[in-house]
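*Asks:* What follows is a single structure, and I will ask about it in a moment.
Since every read-out is calculated from the coordinates, none of them should be taken as a lab result. Treat the numbers as computed from the prediction; the structure is a model and nothing was measured. Cβ coordinates were reconstructed from backbone atoms using ideal geometry, including for glycine residues, and neighbour counts include every protein chain displayed.
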Amino acid sequence: MHDIPDIKPRWAEDLPETPKWQSHGDSVLIDTPWMQVTRHPATAPTGAAADYQVVRPKNVGTGVLPLHEDGTVTLVGQHRFSLMRYSWEMPEGGAPMDEDPFDAVRRELAEEAGLTAEHWRAALDMDLSNSITDERAMTWVAWGLSAVPVDPDPTEVIVSVRVPFRDLLAEIERGAVRDSLTVATAYKAYHMAREGVLPAALAQAMLGA
C-alpha cells in the first residue's frame, strides 16, 4: 500500500542519473516496536567502500492542518522527548504499515485536537531526512470542522490553541514553530489558498484578503 513508485520529476526525465549506492547485505543493530536501525556494508556512488546505518521507522508519519472557516487554524502543543523542548504543531501521529494513513490522521485529529472534518485534501507526501532514514510522511489540510471528545495517548499532555493562519506563518518565520510537517504543510496550505485549490471563502479568510 505504501510503496512509492520510482518516478522522475518531469523536468528531470531527459537528464542522466548519477551512479547509485550499492548495499551488500544488512544486519539489524536495533529493533523496537517503533523502528529498526540497520547496518550495511556498501559501495558509494564514487566507488568508495562505506559502512552505512539507516533508521527505519515502522510507521508512516501523518499530520493534518485543521482550517476553520474564519481563517484560523488549530495547533497542539506538547513537550517532545527527543529534543527536550516544547513544540507547537498541527495534529500528527503514525500509521502502522498495515493501516491506511488517512484513517490514522483522522484518528489523530480527533484524539489530539478534538475535531472531525467534513472536507479533506492531500497536501504533501515527503521523505524526511533522507540521508539517514527511509521515513515517509503524508499530510493533509481539512475544513468543515466539528468538535468531538479528545482522547490523547497515555504519554501525552496536550494543549490546543486556535490562531489566525497568518499568525502561524509569522511564528514559522521567526523560528517559534519548527516542526517540519507543520512548517511544510502550512506553506503548502498558503500555496493552495493562493492558487484557488481551496474554497474561495476559506482562502480569503486564511489570507486576510
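*Asks:* For 188, 58, what ranking results if the residue with the fewest other Cβ atoms within 10 Å of its Cβ goes first?
*Replies:* 58, 188
*Asks:* Which value, in debye to the nearest 20, describes the size of the charge dipole of region 59-207 about its Cα centre when Lys and Arg Cβ atoms bear +1, Asp and Glu Cβ atoms bear -1, and nothing else is charged?
*Replies:* Roughly 600 debye for region 59-207.
*Asks:* Work out Dmax and Rg for region 122-209 from the C-alpha atoms and quote the Rg first, both in angstrom.
*Replies:* Rg then Dmax for region 122-209, in Å: 15.0, 42.
*Asks:* Using Stokes-Einstein with the Kirkwood hydrodynamic radius over Cα pairs, what translational diffusion coefficient do you get for region 16-57 at 10 °C and a viscosity of 1.306 mPa s, in µm²/s rounded to a whole number?
*Replies:* 142 µm²/s
*Asks:* Among 74, 170, 182, whose Cα lies farthest out toward the positive end of the dipole of region 59-207, if unit charges sit on the beta carbon of Lys, Arg (+1) and Asp, Glu (-1)?
*Replies:* 170
*Asks:* I would also like to ask the following. List the chymotrypsin sites (Phe, Trp or Tyr not before Pro) in region 1-110 that DSSP assigns to loop (not H, G, I, E or B) and whose Cβ has at most 13 other Cβ atoms within 10 Å. Which are they?
*Replies:* In loop regions of region 1-110 (DSSP not H, G, I, E or B), the sparsely surrounded chymotrypsin sites (Phe, Trp or Tyr not before Pro) are 21, 34, 81.
*Asks:* Taking every Cα atom in region 91-148, find the radius of gyration and the maximum pairwise distance Dmax, and write them in Å.
*Replies:* 12.5, 40
*Asks:* Whose amide H sits under 5 Å from the amide H of residue 197, counting only residues 5 or more places off or on another chain, with H placed in the peptide plane?
*Replies:* none
*Asks:* Turning to a different aspect of this structure: Could you give each residue of region 193-200 its phi-based ³J(HN,Hα) in whole Hz, using Karplus coefficients 6.51, -1.76, 1.60 with θ = phi - 60°, and x for Gly or Pro?
*Replies:* 5, 5, 8, x, 7, 8, x, 4
*Asks:* As a footprinting exposure proxy, order 97, 90, 84 by other Cβ within 10 Å, with the fewest listed first.
*Replies:* By the 10 Å Cβ count, ascending, the order reads 84, 97, 90.
*Asks:* For region 59-207, compute Rg over Rh where Rg is the Cα radius of gyration and Rh is the Kirkwood radius from the inverse mean 1/r over Cα pairs.
*Replies:* That ratio equals 0.94.
*Asks:* Around residue 52, which amide H atoms from residues at least 5 apart in sequence, or from another chain, sit under 5 Å from its own amide H, with H modelled in the peptide plane?
*Replies:* Amide H neighbours of residue 52: 40, 42.
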